[in-house]
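Just below is one structure, and these are the notes that go with it.
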Amino acid sequence: MELVHELISQYGYLIVFVNLILGLVGIPVPDEILLLAVGYLTKFGSLHYGYALIISFAGAFSGMFISFVVGKKAGQPLTRKLSKWLRVKEKSKKRVKKFMAKYGHLSILIGCFIPGFRQIISYFCGTSNMKMSVYTMYTSIGAFSWCLVFITVGRLIGHL
């Protein structure tokens, strides 16, 4: 937590934005922990709650949208090549596809709150030829809700 506070103090909103686009680059903590820390810091005035929410949403949405576009453009061939390199098992890919088939577009909203799943659901939405407008709508709602929940919980922890 101290490392997160130090990096945010030094780089501000930029580190939050970049980390949410790229994942664990920059701050070696999960995104959920990062957002809880951001919320906590808004309580003490290190960050502004509204700005933190907007920047976090922009980073999360951008990262998810990039994954969608890569999935849409590169498709299944890239999935096969990267699966071996990233050690993504066929069983995991089948679980994601089954989840998407079961919940449809809601899988994007639900997937935002499942660590690890959030990072790959966007790519699979792209490979499944989901319409960009539909994906954008559900991802916007999901990413904003995810950021709102975790930043707010972090802020509430600051009240304790």
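The values are calculated or read from the model by the stated rules, or taken from the named source; none is laboratory data. Every value quoted in this text rests on a predicted model; they were computed, and no experiment measured them. Note: ideal-geometry Cβ built from the backbone for every residue, glycine included; neighbour counts use all protein chains shown. Surface areas here come from the heavy atoms of the whole protein model, side chains and all, with no ligands, DNA or RNA. Shrake-Rupley method; radii C 1.70, N 1.55, O 1.52, S 1.80 Å.
Express the carbon and sulfur contribution to the solvent-accessible surface of the stretch 117-159 as a percent, rounded to the nearest whole number, probe 1.4 angstrom. Taking all protein chains in place, the stretch 117-159 shows 72 percent carbon and sulfur surface.
Highest mean packing comes first when the peptides 32-39, 10-17, 145-152, 109-116 are listed by Cβ atoms within 10 Å, giving 32-39, 145-152, 10-17, 109-116. For H159, the accessible surface of its heavy atoms amounts to roughly 110 Å² (probe 1.4 Å, protein chains only, rounded to the nearest 10). Across the options L78, L53, I66, the greatest Cα extent toward the positive end of the charge dipole of the stretch 1-158 (unit charges at beta carbon of Lys, Arg, Asp, Glu) belongs to L78.
Annotation: extensible slack from E2 through V70 equals 21.0 nm (criterion: 0.36 nm per residue apart, minus Cα-Cα distance).
The three principal axes of the C-alpha atoms in the chain carry coordinate ranges of 46, 29, 24 Å, sorted with the longest axis first.
What the chain shows is 57 Å² of accessible area per residue, with the surface traced by a 1.4 Å probe over protein heavy atoms.
Please identify the helices of the chain, taking whole runs of DSSP H, that span at least 27 Å along their own axis as judged from the Cα atoms and have a mean Kyte-Doolittle score of -0.5 or higher. Result, helices passing both filters: 49-86, 132-159. Pairs of Cα atoms nearer than 8 Å and 6+ residues apart set the relative contact order; for the chain it is 34 percent.
Treating r as the C-beta distance of K91 and S133 and R0 as 35 Å, the FRET efficiency rounds to 0.65.
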